Structure formats: C-alpha cells, structure tokens
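Below: one structure, written as structure tokens.
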Amino acid sequence: MLTLAFDTATPWGRFALAEDGHLLQYRPLNVMGSYADALLKVVQDLLADNGRKQVELGAIGVTVGPGSFTGLRIGVATAKGLAYGLNVPLIGVSTLEAMAASLLEDHPDVEYAVPCLDARRQQVYSAVYRRKAQWVEKVVGPEPKKADLWWGKILTVLPDPEVAVYGGDGTPLLLGQGDDLRAELAGTGTPRL
C-alpha cells in the first residue's frame, strides 16, 4: 500500500512516501511562514519524483499535535481532504510519538527517547517513549508542564537520564544549556540530541 505521511506541527516539516513498509522518499521542509502555500506542492513533487499519482495512495498519515495551531490546522485539514477525496484511511499520529520514533531511528543504540517542544509560558510539551518493535510505546506523557517538573518526572522514570536521546525545540528548556545544563548531566558530557 502506498502511504503519504506528513508533519506540519512545527516549522520543521517532514514529508514521506512509503510503500508496504519501505520508505520511498523523505523530504524535510522548513517553513517560517505558513504551510498553506507549500504543502500541496511538496505532496505533488513527492509523488512525481517517485512516478506516482494521488489516486494510487492507499492511506494518509498526519501528525495531530501538539504543535503550532495554524500548522496543525493546515496539515490535518489537507490530510482529511486528501483521505476523503481518495476514500482512503486517515491515520493520526502524535507529534511527540513521531519525533520519538525518528530520534530512536537516528540513535539505534538508545532505548528511550524524550521529544520536547516549547509550549511557551515557561512550559514544554514532552513525553518519554521506549523502543517497541518498529515503532515506539509511551512510557509517560505527553502533556505540557514546566521544564523543571518534566525533568523531575524523567528522573523517576528513567534509570539514568543518559539512557535517552532528547530532541525538539524545547530541549534547551528541559535540559538547560551551557553553564545551565542540568546538574545530573553537567559532568557527563553532552547529552544525546
């Protein structure tokens, strides 16, 4: 089955085309404005680059948050329109879950991932995920909390804060940076990001 998936929850958009579990093409798209003008063009280019047409799609996947309200609205509305128009399943995935799967794909020697997005107002959206088969399973979260509260939760869940890979635009709030790096990480080198 040919599947199109995309993430418009953050300015660092991601688009992928896969068939029967095999990635055909992945394309990042950094958008500092709105996805409204770029999204369908990227979808069309992705299909054309692989010699495929929209009518061949068997499923549409999209991230459903947390993230930018406008980015999510544009992404989910477009995904719904495509799925409805093509009469194919629409699959919603948590943004943090997708981030965790990507982090663990990039770090095959790590068991846990802590994706983290800036939720503003001194809070972060975060969660802890563990590797499970070809995807991830939630250990704790997701929810918005003050970074210090999230860090306390992470320390109760993980045997050691270094057994995880961290990523996302809220990571500096969660871990600290430079001289403000969390004390538990300060003497250990650079955390995996």
For the range 76-86, what are the residues that are open to solvent by 40 Å² or more (accessible area, probe 1.4 Å) and either in contact with a Ser or Thr (Cβ under 9 Å, 6 or more places away or on another chain) or among the polar types (S, T, N, Q) (or both)? Val76
Determine which member of the set Pro11, Pro89, Pro66, Pro28 is surrounded by fewer than 16 Cβ atoms within 10 Å (Cβ to Cβ) and at pLDDT 95 or above. Pro89
Which residue out of Glu137, Glu111, Glu143, Glu162 is under 19 Å from the mean Cα position of the chain (by Cα), of a type in the set (D, E, K, R) and over 13 Å from Leu96 (Cβ atoms)? Glu111
Considering only residues of the range 116-143 that are within 21 Å of Leu173 (Cβ to Cβ) and β-branched (Val, Ile, Thr), which is surrounded by the most Cβ atoms within 10 Å (Cβ to Cβ)? Val124
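Please go through the range 1-46 and give me each residue that is assigned to a strand (DSSP E or B) and of a type in the set (A, V, I, L, M), ordered by number.
Leu2, Leu4, Ala5, Ala16, Leu17, Ala18, Leu23, Leu24, Leu29
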Out of everything in the range 47-63 that is charged (D, E, K, R) and part of a helix (DSSP H, G or I), what residue ends up being surrounded by the fewest Cβ atoms within 10 Å (Cβ to Cβ)? Asp49
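The values are calculated or read from the model by the stated rules, or taken from the named source; none is laboratory data. Just so you know, these numbers come straight off a predicted model, no measurement behind them. Positions of Cβ are backbone-derived with ideal geometry, glycine not excepted, and every protein chain shown enters the neighbour counts. Note: areas computed on protein heavy atoms with side chains; ligands, DNA, RNA excluded. Shrake-Rupley method; radii C 1.70, N 1.55, O 1.52, S 1.80 Å.
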